[in-house]
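**Q** Below you will find the structure I want to go over with you.
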Amino acid sequence: MNILDKIVAHKKGEVAKRKELYPVKLLEQSIYFDTPAVSMREYIRRPDLSGIIAEFKRRSPSKGDINPYASVERVTIGYMQAGASALSVLTDEHFFGGKNADLTEARKNNFCPILRKDFIIDEYQIIEARSIGADVILLIAECLTAAEVKALSATAHELGLEVLMEVHSPDQLEKLSEHIDLVGVNNRNLKDFTVSIQHSIDALPAIPDQVVKISESGINDPRSIVELKEAGFEGFLIGEYFMQADEPELRAREFVQRIRKLEELSKNAIT
Ligand SMILES: O=C(O)c1ccccc1NCC(=O)[C@H](O)[C@H](O)COP(=O)(O)O
């Protein structure tokens, strides 16, 4: 059983319990149901921002504890001040030490788009994402059939949310539906947890033009961003590298400054 199978098996039990504890009628009373969601597609393409989706991640299956007691308020505000285009907040408790309240805390403190980073297998979780203040949901192609991707992404659009579909290999792009706004290629091999941005580069030709292209995981060098941008990626999901620092927001700021310097150098070299 690979890690995703384990996570999904656990998630099924978790969702069943949550449905009983917090019925949909209760979730629909959230103030966030009437608030228009913020478009990640638009923020990623804003030229004044870096394209980085900065992730708040306390723990992971590959690394164990990363920054378990970090402050959501301090880190997420700092990420946005550093020039991030959007935020990603892990809400999975069992494997990632996150919680729904982390996302709501990020929502209260930021106007930018926020991705609910979780393992969505049921429509209930999309309604829940809306109720906690998320703007975007993640659908992991490896965990879902094409029919499930279609149905879940349609539900997300009905609720005004955008959808990021994550693939681990180009063949999973067959599951794309008309309701997918962004495609993320995950650079992490889920069997041995090794990471390589080559996964993103290899998958790029198969990604259709109309979706925003995101490279996810294992990014820790500003030169990788320059390389991925030149290849055609517009967004970059970064968690661990920032969160490993005592002050993730400062590491993000330094990272964005280094990208800008590299881009300036290459512009000057051309002119
Ligand atoms: O991070 C893990 O160990 C992991 C293991 C199994 C499934 C998913 C996992 N991570 C979720 C993510 O996709 C990442 O948090 C995200 O892409 C950011 O990656 P990174 O910059 O490497 O933290």
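The values are calculated or read from the model by the stated rules, or taken from the named source; none is laboratory data. What you see is a predicted model; the values in this text were computed from it and never measured. Methodologically, a virtual Cβ is constructed for each residue, glycine included, from the backbone with ideal geometry; neighbour enumeration extends over all protein chains shown. We work out accessible area using only protein heavy atoms, side chains counted, and drop any ligands, DNA or RNA first. Shrake-Rupley method; radii C 1.70, N 1.55, O 1.52, S 1.80 Å.
**Q** Taking only the Cα atoms of region 176-248, how large is their convex hull per residue, in Å³?
**A** Roughly 105 Å³ of hull volume per residue.
**Q** Could you work out how far apart the two model spin labels at LEU49 and ARG223 are, taking each label as a point 7 Å from the Cα in the direction of the beta carbon, and quote it in nm?
**A** 2.8 nm
**Q** Might you tell me the accessible area per residue for the chain, computed with a 1.4 Å probe and given in Å²?
**A** 46 Å²
**Q** Then there is this: Please give the helix 123-132 orientation as an angle from the longest Cα principal axis of the chain, in degrees from 0 to 90, rounded to the nearest 10.
**A** 70 degrees
**Q** Let me know the shape class of region 1-79, please: from the alpha-carbon gyration tensor, a ≥ b ≥ c as square roots of the eigenvalues, rounded when a/c is under 1.5, otherwise prolate if a/b is greater than b/c, or oblate.
**A** Note, shape of region 1-79 comes out oblate.
**Q** Please sort 68-79, 120-131 by packing, taking for each peptide the average over its residues of neighbouring beta carbons within 10 angstrom, highest first.
**A** 120-131, 68-79
**Q** Still on this model: Taking 0.36 nm per residue of sequence separation and subtracting the Cα-Cα distance, how much length would be gained by fully extending the chain between GLU263 and ILE31, in nm to one decimal?
**A** Contour length minus the Cα-Cα distance gives 79.4 nm.
**Q** Sticking with this one: Using amide H atoms built 1.01 Å from N in the peptide plane, name the residues 5+ places from LYS117, or on other chains, whose amide H lies under 5 Å from its own.
**A** Here VAL89, LEU90, THR91 satisfy the definition.
**Q** Take the alpha-carbon centre of region 210-261, take the same for region 59-109, and report the distance between them in whole Å.
**A** 16 Å
**Q** Related question: Rounded to the nearest angstrom and ordered from largest down, what semi-axes does the equivalent ellipsoid of region 143-271 get from its C-alpha gyration tensor (root of 5λ)?
**A** 28, 17, 15
**Q** Taking N as the number of residues in region 3-270, what is its alpha-carbon radius of gyration divided by 2.2 N^0.38 Å?
**A** 0.95
**Q** Sort CYS143, CYS112 from largest to smallest accessible area, using a 1.4 Å probe on the heavy atoms of the protein chains.
**A** Largest accessible area first, the residues go CYS143, CYS112.
**Q** Tell me the label-point distance for the pair ASP209, THR145, using the 7 Å Cα-to-Cβ offset, in nm and rounded to one decimal.
**A** Simple spin-label model gives 3.3 nm for this pair.
**Q** For the chain, which whole-number percentage of the solvent-accessible area (1.4 Å probe, protein heavy atoms only) is attributable to carbon and sulfur atoms?
**A** The C+S portion of the solvent-accessible surface of the chain is 51 percent.
**Q** Kindly identify region 65-152 as rounded, prolate or oblate by the Cα gyration tensor criterion: order the square roots of the eigenvalues as a ≥ b ≥ c, call it rounded if a/c is under 1.5, otherwise compare a/b with b/c, prolate if a/b is larger, else oblate.
**A** Prolate.
**Q** Over the chain, what is the relative contact order in whole percent, taking alpha-carbon pairs under 8 Å and six or more residues apart?
**A** 19 percent.
**Q** Find the relative contact order for region 137-187 and round it to a whole percent, using C-alpha pairs within less than 8 Å whose residues are 6+ positions apart.
**A** 42 percent
**Q** Could you rank the peptides 20-33, 221-234, 97-110 by their average count of other C-beta atoms within 10 Å per residue, with the highest value first?
**A** Ranked by mean Cβ neighbours within 10 Å, highest first: 97-110, 221-234, 20-33.
**Q** State the antiparallel share, in %, of DSSP beta bridges confined to the chain, rounding to the nearest 5.
**A** 10 percent
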